[in-house]
Amino acid sequence: MENLIALLVAAPLLGAVVLLCGGRRLDRIGHLLGTVLAAASFVIGAVLFVDMLGKGAEERTFTQHLFSWVPVEGFQADVGFQLDQLSMTFVLLISGVGTLIHIYSIGYMEHDERRRRFFGYLNLFVAAMLLLVIADNYLLLYVGWEGVGLASYLLIGFWQHKPSAATAAKKAFLVNRVGDMGLSIAIMLMFTTFGTFAFGSVLPSATDASEGKLTAIGLMLLLAACGKSAQVPLQSWLGDAMEGPTPVSALIHAATMVTAGVYLIVRSGVIFNAAPDAQTAVTVVGAVTLLFGAIVGCAKDDIKKALAGSTMSQIGYMILAAGLGPIGYVFAIMHLVTHGFFKAGLFLGAGSVMHGMNDEVDMRKYGALRKYMPITFATFGLGYLAIIGFPGLSGFFSKDKIIEAAFAKGGTEGWILGGVALLGAAITAFYMTRVMLMTFFGEKRWENDADGNQPHPHESPRSMTIPMIVLAFGSVFAGGIFGVGDRFLKWLEPVTGHAEGDSPVSAMTVTAATMVVLVIGVGIAWAVYGRRPVPAVAPRGSLLTRAARRDLLQDDFNHVVLVRGGEHLTRSLVYVDHTLVDGVVNGTAASVGGLSGRLRKLQNGYARTYAVSMFGGAAIIIAATLLMRAV
Amino acid sequence: MSAASVHSLWTMGADSTAKIPTPHIEYAQLSPVLIVLGAACLGVLVEAFVPRKGRYYAQVFLAVVALVASFAAIVALAAGGYGSTKAHIAAMGAVAVDGPALFLQGTILLASLVSIFTFAERRLDPEAHGNRVDSFAAQAASVPGSESEQSAVKAGFTTTEVFPLALFAVGGMLVFPAANDLLTLFIALEVFSLPLYLLCAVARRKRLMSQEAAVKYFLLGAFSSAFLLFGIALLYGYAGSVSYAKIAAVVEGSVSTIDPALADTMGNDALLLIGAAMILAGLLFKVGAVPFHMWTPDVYQGAPTPVTGFMAAATKVAAFGALLRLLYVVLPGLRWDWRPVMWAVAIVTMLGGAIVAITQTDIKRLLAYSSIAHAGFILAGVIATTPDGVSAVLFYLGGYSFVTIGAFAVVTLVRDAGGEATHLSKWAGLGRRSPLVAAVFAIFLLAFAGIPLTSGFAGKFAVFKAAAEGGAGPLVVVGVLSSAVAAFFYIRVIVLMFFSEPKADGPTVAVPSPLTMTTIGVGVAVTLVLGVAPQYFLDLANQASVFVR
């Protein structure tokens, strides 16, 4: 049974190779082949899951050693897999949501002539992401990490004829490089500290290393997580990444790839547990991003960018939970899974709306769509209720737990983190209600598109609605299934460990407070966008609103500090190179040349001069020899 | 010297005449030298008795056969264990037959063989009056520009004497690194120097320059011989013997019996130090080390180019061989005295050669200065005073000789109306017109510069490594710095050949006969083989690195 693990990756990888190398002959069946292979991966995952459930908690770690990758004395890199409860959770999420989004894309990309290539890239992504989560060592994880980065780059820039898409892809790639650098440094540090990369060797012995080293490794891992999961300060690429086709946004930039950072931190939990400073940094990053994304989400009129801000904010919750240590790991992953369902559903809903509205993304040009797109409205609405934490739905269970855990951190820290998490919940309720109201309620504010076509909103084809319905089920029930009776906690605890915190407030209080802020958030949104008609042109807004529309000036900051700074740095380096380095080099060359010109004059062609030189030389040699003896 | 001691010297000499034993000569072990010298004598007879038309062929044949046979004898001796286990001193203590000697003799013979091919080249210049001409004057004795010269040219004379002369020189060079007493050393020096002076004088083109070079070489050579000879006399005064082994024994203080005739001088360190320094000066002249190098550019430029190649390669091998033996066999006990001096010589030689080469505009002078810089690099290996140092020097010399001969052979190909076009400006754009020749020359230049995958790199690496391990780290630093300076002018020639526009009145590249092609081909092959797979030859040099005492 364990030998099936490699097939998880092999199936979609085969799809990617065949689709990308197969040429036009496969245009007609390419999308079906890609979908079938993604589904095959899900089926294999499900079989392994059933097998795993049949075993005791202690025997649930499957391993498979495929081959030795770099067998060198003192440097052992293997291609081996480790499938435990944590990996299994991801495998099911990735292959499950991935398959749904493959199906959705069949309809969404129907009119795109490069659909085969699109499915090839999607398969490549699924393969790389699965590799990332089932690798049994950090080096192989890094391969998957880079693989998803590549797939993300290719898919963001899929409509490369649009300069904005090409630029966005490049931006995502560059920002991710910064994080990748962190991961590679972390791996090197691990190698120098432990002499290996394997989870099985690094993690058990992590506590043997000095805290300083572990802090360094932890901070580098956090940097990696910031890049991949769009956390402050490496968050700037995610908004632009919405230039990619909507299924891509749903799969890669909402449900799976952007959560890789959370996986990395939870997987390396032992290291963080032993490095409290690194852990604090993780919680700070999570808390800051949580608010950052939420604020940005409030101000965006582009439906996908509003959702992107929300994604950033929700991952902030997960990172916050992961930074809390054993009290939070399980809830980070639980929120990750429920978020995978409802955020993918929301994105697919947004895609469905765009599909019906001539690819319009500005919510100010929507309105009253609930009558025209009932299924989309229903599924999107369920996703909405889930994300704001409506009691009984998925988000309620998972987010509530994170807020509780934040308070349970204890001390001032606990109060601050808990407060931020609560505030985030209020803002989440506000911006999601805003999206809901602007899109599906109110008056029609439709406008003709650039070609003068009138929008004819209609429900999307079956291939698109079915995945949305399936995901809506997940949005509604996943939290309950996981949360009731602590099922998810018991499932994951053997891998991540769990500790009950020392909460200053009772669970009931937290839930009640969450309900209160939820109502406040929804209420304010209704007061602003529900009671009054939404202006078709955005009002100027307050200073904060304007800043939030510009992504809280993230690009301005990067431009001023990094781009300008970099330019100044390179310019001054070039200056130093031209004046100092070249000066020294050219000066040396000139002086050697001048010396040469002078010395060659000694060679005047007269034998007598030459003889004098010899005589003098001999005299000096004799004198020096005698002198040596005298000394 | 007191009257009594003169008397005793006299009477002792008188006594010993009665007791002179028949010298015991190991003919088989000396066969390499004997073959070459015998062939040289035969060559003189050929000049005397063979009709003019057949002389060229007879001489070339004789020279090639002699060199090949001599090399075969070397190989046979080496295979017979004379390079290692059976190494000993032959001919009554005059000539050593050991690893370094055989290795260097083999190198000299192979280098001479490919040089002889360039001597014999007769297709580069257009025919004069229906006769093929080589690089040598029709009649060396005729005054340049005179009627007798013109009539000699018209008659189709050629100076086929160059072949026996070259063989005599080779014979001397074979003995030079093997000489095991100071007199043999001196005689070998003269035997190979005198023919070289003559060879320098017999260029067919630019005869005045050639003769000037020969006279300078002769004058300065005689001067240096005087140093050497005086040094020998002083050492004899110090040790009472010219034999290397006996001098070494006295230097080390292991001889307590003092020759009564030399009671006043024996063991006088002043004699030893001055004598050793003067002998070193004489040998440094031959290797072309600063400040005894000044003849090199003028002679290299004036001599017929095939002779330059021969001289630059074979002389250097022989002279370094003799220097090694002197320093390692005779003067190891004096290490602490000569090493600092040799350090200084090596440093000024490396830097001087490399720096002055930068501003040269004539390719032959450029190569002359390059050879000075290389002499400095080799000296760094000599100074190491370790077996590794010896083997590194042996390897370096082997690789360097073929690069040098090949490079000068290429120089003979690039010609214009006045003969060889040696001014660098004429080489501009050569790579566009004759890519193959330019590429081959570029390989040689890269080898000179010590770029990896050429013999130059392997050799330079070996000597610098040996020098560093021998405690001469600063010397290595200077060596690497001057290599960097030297790289500039080598690369500059490559840039000139490949990246400059060819000149309208530029030189043509003559198509040589298979003889020169062989020389160049062997040069390229050895350069690349020693660069890519040097290990076998390094091992060989390593096995041959022990001097017999």
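Here are some notes:
- For chain B, averaging the sequence separation of C-alpha pairs within contact (under 8 Å, six or more residues apart) and dividing by the residue count gives a relative contact order of 16 percent.
- Partner shielding of B:281-290 amounts to 2, given as the average count of beta-carbon atoms from other chains within 10 Å of each residue beta-carbon.
- Each of A:M628, A:Y372, A:S475 was placed along the dipole of chain A (beta-carbon charges, centred on the mean Cα), and the one lying farthest toward the positive end is A:M628.
- Using θ = phi - 60° and Karplus 6.51 cos²θ - 1.76 cosθ + 1.60, couplings along the range B:458-475 (whole Hz; Gly, Pro as x): 4, x, 4, 4, 4, 5, 5, 5, 4, 5, 5, 5, x, x, 10, x, x, 4
- Between the range A:383-444 and the range B:258-298, the Cα center-to-center distance that results, in Å: 97
- For B:A90, the amide hydrogen comes within under 5 Å of the amide hydrogens of B:V95, B:A96, B:V97, counting only partners 5 or more places away or on other chains and with H modelled in the peptide plane.
- What you get for the range B:25-543, charging only the Cβ of Lys and Arg (+1) and of Asp and Glu (-1), is a dipole of about 1200 debye around the Cα centre.
- Distance in nm between pseudo-label sites at A:R364 and A:V43 (7 Å out along the Cβ direction from Cα): 5.0
- Loop-resident sites, the range A:419-477, for trypsin sites (Lys or Arg not before Pro), counting at most 15 other Cβ within 10 Å (DSSP): A:K444
- Taking amide H positions as modeled 1.01 Å from N, with prolines and chain starts lacking one, the residues under 5 Å from A:H65 and 5 or more places away or on another chain are A:F81.
- Computed from Cα positions, the angle between helix B:316-325 and the longest principal axis of chain B comes to roughly 20 degrees.
- Each residue, B:D269 and B:I25, gets one label point 7 Å from its Cα in the Cβ direction; the gap between the two is 4.2 nm.
- 222 nm mean residue ellipticity, helices alone, for the protein assembly as shown (DSSP H n ≥ 4; -39,500 (n - 2.57); rounded to 500): -23000 deg cm²/dmol
- The 3J(HN,Hα) values that the Karplus relation (6.51, -1.76, 1.60; θ = phi - 60°) gives for the range B:522-536 are, in residue order, 4, x, 5, 4, 4, 4, 6, 5, 5, x, 7, 10, x, 4, 4 Hz. Gly and Pro appear as x.
- Residue (of A:Y263, A:S210, A:F197) at the positive-pole extreme of the range A:158-300, dipole from beta-carbon charges: A:Y263
- Distance from the C-alpha centroid of the range A:44-89 to that of the range A:117-195: 21 Å, rounded to the whole angstrom.
- Sites A:L489 and A:R24, calculated FRET efficiency, Cβ-Cβ separation with R0 45 Å, nearest 0.05: 0.35
- q = 0.07 Å⁻¹: log10 I(q)/I(0) that the Debye formula gives for the protein assembly as shown, counting C-alpha atoms only: -0.77
- Between the alpha-carbon centres of the range B:112-157 and the range B:353-404 there is a gap of 32 Å.
- Per-residue mean of C-beta atoms belonging to partner chains within 10 Å, peptide B:294-306: 2
- Here r is the Cβ-Cβ distance between B:F49 and B:I491 and R0 is 30 Å; the resulting FRET efficiency, rounded to 0.05, is 0.05.
- With a cut-off of 11 Å between beta carbons, the residues surrounding A:S87 carry a summed charge of 0, where Lys and Arg count +1 and Asp and Glu -1.
- Note on A:T588 and B:M517: the model spin-label points, each 7 Å out from Cα along the C-beta direction, lie 4.4 nm apart.
- Reference-scaled alpha-carbon Rg (2.2 N^0.38 Å with N residues) for chain A: 1.18
- Karplus-based coupling profile of the range B:193-205, in residue order and whole Hz: 6, 4, x, 5, 4, 5, 4, 5, 8, 10, 5, 7, 9, with θ = phi - 60° in 6.51 cos²θ - 1.76 cosθ + 1.60 and x standing for Gly or Pro.
- Close amide H partners of A:A499, meaning residues 5 or more places away or on another chain with modelled amide H under 5 Å apart, are A:I327.
- Computed E for A:A57/A:M1 - FRET, C-beta separation, R0 22 angstrom, nearest 0.05: 0.80
- Helix B:3-18 vs. chain B, principal-axis angle (Cα, 0 to 90°, nearest 10): 70
Computed from the coordinates by the stated procedures, all read-outs in this text should not be read as laboratory data. Nothing here was measured: the structure is a model prediction, and the numbers come from that model. A quick note on method: Cβ atoms are made from the backbone with ideal geometry, for glycine too, and the neighbour counts reach across all protein chains shown.
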